[in-house]
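Trainee: Here it is, the structure, as structure tokens.
What follows draws every value from the coordinates through simple rules; no lab data is involved. No experiment lies behind these values; they were computed from the predicted model shown. Every residue, glycine as well, gets a Cβ built from its backbone with ideal geometry; the counts of neighbours run over all protein chains shown.
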Amino acid sequence: MAPPWSGTEMIKTIADPTVLNALVERLGALRANSGRRWGTLTPNEMLCHLGDAFEMVLRIRPRIVPISRRRRKHAAYWIGLWSPLPFPRDFPTNPEHNPRDQGTRPTDFDRDRARVVAALRGLAAPSGGLEPIHGAFGPMSRRDWQRWAYKHADHHLRQFGL
């Protein structure tokens, strides 16, 4: 089911190689000392946050706390995922993806960035099993996850002016 506002505008997802490559280029422009516009994560912590979140969707990183299944899509799904609105700033980070809590601690900046790029490419692939549900958005298809990955990476790259 297409979102009601999609019309003819392009809905960006990482399934589109042009969109994926643009995200990878923006990630390549990130530096360990890049200044942030909002939030508290450092550039390397942000990479670990994205890597953890993407790897959880790919089922590489096990989910610690199971999510209860919702039966239907709800407003948060349509507005947060498929509207043109960006993700809100300063939203609390899932502890499992927070490098200051249960998430991966930063190590080598380039290695942490490579992990994010590999996970993005894995999510962009047309096959493979993905996590069936998102904690806030509910049940997710591959296309949903590909849209979410774009919006999530874009959100954090804009956080650092990229």
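Trainee: Would you calculate the separation in nanometres between label points at residue 29 and residue 89, each defined as 7 Å from the Cα along the Cα-to-beta-carbon direction?
Mentor: 1.9
Trainee: Please compute the modelled spin-label separation between residue 63 and residue 40, points set 7 Å along Cα→Cβ, answer in nm with one decimal.
Mentor: Spacing of the two 7 Å Cα→Cβ label points: 2.6 nm.
Trainee: Neighbour counts of other C-beta atoms within 10 Å: give me 34, 141, 127 arranged from fewest to most.
Mentor: 127, 141, 34
Trainee: Please name whichever of 161, 80, 40 sits farthest to the positive end of the charge dipole of the chain, dipole taken about the Cα centre and charges placed at Cβ: Lys and Arg +1, Asp and Glu -1.
Mentor: 80
Trainee: For residue 102 and residue 131, calculate 0.36 nm times their separation in residues minus their Cα-Cα distance, and state this gained length in nm to one decimal.
Mentor: Extending this stretch completely gives an extra 8.5 nm.
Trainee: Kindly state, to the nearest 0.05, the FRET efficiency for residue 110 paired with residue 158, given R0 = 30 Å and r defined as their beta-carbon distance.
Mentor: Working from the Cβ atoms, E equals 0.85.
Trainee: Quick one: Cα convex hull volume of the chain, Å³ per residue?
Mentor: Given the Cα convex hull of the chain, per-residue volume reads 114 Å³.
Trainee: Then there is this: Enter the angle in degrees (range 0 to 90, nearest 10) between the Cα long axis of helix 142-159 and the first principal axis of the Cα atoms of the chain, meaning the one along which they spread out most.
Mentor: 40
Trainee: Specify the residue with the greatest mean-square fluctuation among 26, 143, 89, computed from a Gaussian network of the chain linking alpha-carbon atoms under 10 Å apart.
Mentor: Among 26, 143, 89, the largest mean-square fluctuation in the Gaussian network model of the chain belongs to 89.
Trainee: Kindly write out, for region 43-51 in residue order, the coupling ³J(HN,Hα) from the Karplus curve 6.51 cos²θ - 1.76 cosθ + 1.60 (θ = phi - 60°), rounded to whole Hz, with x marking Gly and Pro.
Mentor: Those phi angles translate into x, 5, 5, 4, 4, 5, 4, 5, x Hz.
Trainee: For the residues 82, 38, 145, what sequence is obtained by ranking on other C-beta atoms within 10 Å, fewest first?
Mentor: Going from least to most buried by this count: 38, 82, 145.
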